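All of the numbers you see were taken from the coordinates with simple rules; none came from a lab. All values reported here derive from a predicted model rather than from experimental measurement. Cβ atoms come from the backbone with ideal geometry, glycine included; neighbour counts cover every protein chain shown.
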Amino acid sequence: MSDLKSQVVNYTKHLGFDLVRIADASPLEDAGTRLAKQLEAGFHSPLTKHSPKERTTPTLLLPGAKSVIMVGMAYSVELDHAPDRIPGDQTPRGLLSRYAWGQDYHRIMGPRLRELAAYLNVLAPDTTSRVMVDSGPLAEKAMAYRAGLGVYGWNSCIITRKWGSWVFLGAIVTDLALEHDSFHGGTCQECGRCIKACPTGAIVAPYVIDASRCLSQITQTRGIMPTEFRQALGTRLFGCDTCQAVCPHNEPNTIIYGNHGEFRPHPFIGPTPPLEMVVTMDNPTFKSTFAQTAAGWRGRKVLQRNAVINLGNTGQPTAIPLLVKALRDPTEPVQTAAIWALGEIGMANNENVKRETQKILLDAKTRITSGSLHQEILFSLDRINN
Ligand code: SF4
Ligand code: SF4
């Protein structure tokens, strides 16, 4: 390894990153073609604004780019019990994706990557670099694959040897010429468990995710949640870990846990926040809890909409008073979710509960003026009656 590269690698590790590999900055031709095909098929993420060409051509992101430093930080943490099985606890809870348990990784990784970029300038003055943590246009997974950070899983995650796929990725595109790491290639065990387990059929083929069907995206998308995904959501409050949780590369006896305390669950909300807390939280509570994590970036209402749908999926009549409150929410996505959830609970329970939910919905119909909410009410009444 050249002196320059070993200085960069050592400093990256000193900053707390678990993985560092360096790739050349030539265009990612295969990934560009793949992303263009996905765009054509309508499988792309609505949260990604950049074209496949921009995402796969480092020199478009930084003129003169010569190298891409890819880093990884393991976010798996060991808990005393399974996150969704708290001994003796009956509280209805929502599942947070592991990446959103602790402090927002953008705030943990971003400053360290900027420090690394500054260090490049110490090593070689006049170096220009651009830092990216998920927020930039770079196709980070494809670049991580080229750099040999891990292999691709059929679930389209990058799987590392030590930490499985529970790893945050970040990148520095730089015009500094650094010795590149060799490409390893390879794939996962190709067992197909992720495809079978996906609740919405979003993994349409190995390595191909239809983002418009992926609950991870859907839980982050604002607005009314499409009806077809509401039951599949289950009690997922934000994100979805299913295709990673079933992957043999992530089995607890084959991986090691990360050692970053920042990614331990937030002390107040934990990995499975009580749904009542989410539905009733005000803005100051949101700011001191979810807004500190990666689950906060789409705002309070997205979480409340999801939590209301989660309550419907519990089928528990005890959720009815909370749903009545949610019916009075000023936003249509939350009201729609409440109408749907009342329909689910009415449908799943005895005559008394059916009558109670019907009455609530009929009362709401006399008060609510929106045509689309009327349609939702009729849809829920219909389900309860049948
Ligand atoms: S994150 Fe969930 S919904 Fe998305 S592909 Fe994986 S299992 Fe399917
Ligand atoms: S679950 Fe199986 S097919 Fe899917 S990524 Fe893991 S090893 Fe590959």
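Relative to the longest principal axis of the Cα atoms of the chain, helix 351-367 runs at roughly 80 degrees.
Counted by Cβ distance under 14 Å from Ala319, the other residues give a net charge of -1, where Lys and Arg count +1 and Asp and Glu count -1.
For the pair segment 175-207 / segment 39-70, the C-alpha centres are spaced 17 Å from each other. When each of Phe290, Phe379, Phe229, Phe17 is scored by the number of other beta-carbon atoms lying within 10 Å, the sequence from fewest to most is Phe379, Phe229, Phe17, Phe290.
Where does the charge balance sit around Tyr11 when Lys and Arg score +1, Asp and Glu -1, over other residues with C-beta under 12 Å from its C-beta? Charge balance in the 12 Å sphere: +2. The peptide list 305-311, 125-131, 348-354, put in order of mean Cβ contacts within 10 Å with the highest first, becomes 305-311, 125-131, 348-354. Of the peptides 253-264, 330-341, the ranking by mean beta-carbon count within 10 Å, highest at the top, reads 330-341, 253-264. For segment 274-386, the Kirkwood hydrodynamic radius comes to 14.2 Å, computed from all pairs of different C-alpha atoms.
Relative to the dominant Cα principal axis of the chain, helix 332-348 is inclined by about 60°. Given segment 1-125, what whole percent of its Cα pairs are spread farther than 26 Å? Counting pairs separated by more than 26 Å, the tail of P(r) holds 46 percent. Ordered from longest to shortest, the equivalent ellipsoid semi-axes for segment 1-262 are 32, 22, 17 Å, each the square root of 5 times a Cα gyration tensor eigenvalue.
Using the rule -39500 (n - 2.57) for each DSSP H run of four or more residues, divided by the residues of the chain, the 222 nm mean residue ellipticity is -12500 deg cm²/dmol. Inter-part distance, segment 317-343 to segment 241-265, computed on C-alpha centroids, equals 34 Å.
Taking Lys and Arg as +1 and Asp and Glu as -1, the other residues whose beta-carbon sits under 15 Å from that of Glu251 total +2. Residue exposure proxy: Glu376, Glu29, ordered by other Cβ atoms within 10 angstrom of their Cβ from fewest to most, comes out as Glu29, Glu376. Within the chain, antiparallel bridges make up roughly 90 percent of the DSSP beta bridges whose residues both belong there.
Highest-first packing order for the peptide set 283-289, 356-362 is 356-362, 283-289, based on the mean count of other beta carbon atoms within 10 Å. Listed by Cβ neighbour count within 10 Å, with the fewest neighbours leading, Ser212, Ser76 appear as Ser212, Ser76. Computed from backbone phi with θ = phi - 60° and the Karplus coefficients 6.51, -1.76 and 1.60, the 3J(HN,Hα) list for segment 5-12 is 5, 5, 5, 5, 5, 4, 5, 4 Hz; x is used for glycine and proline.
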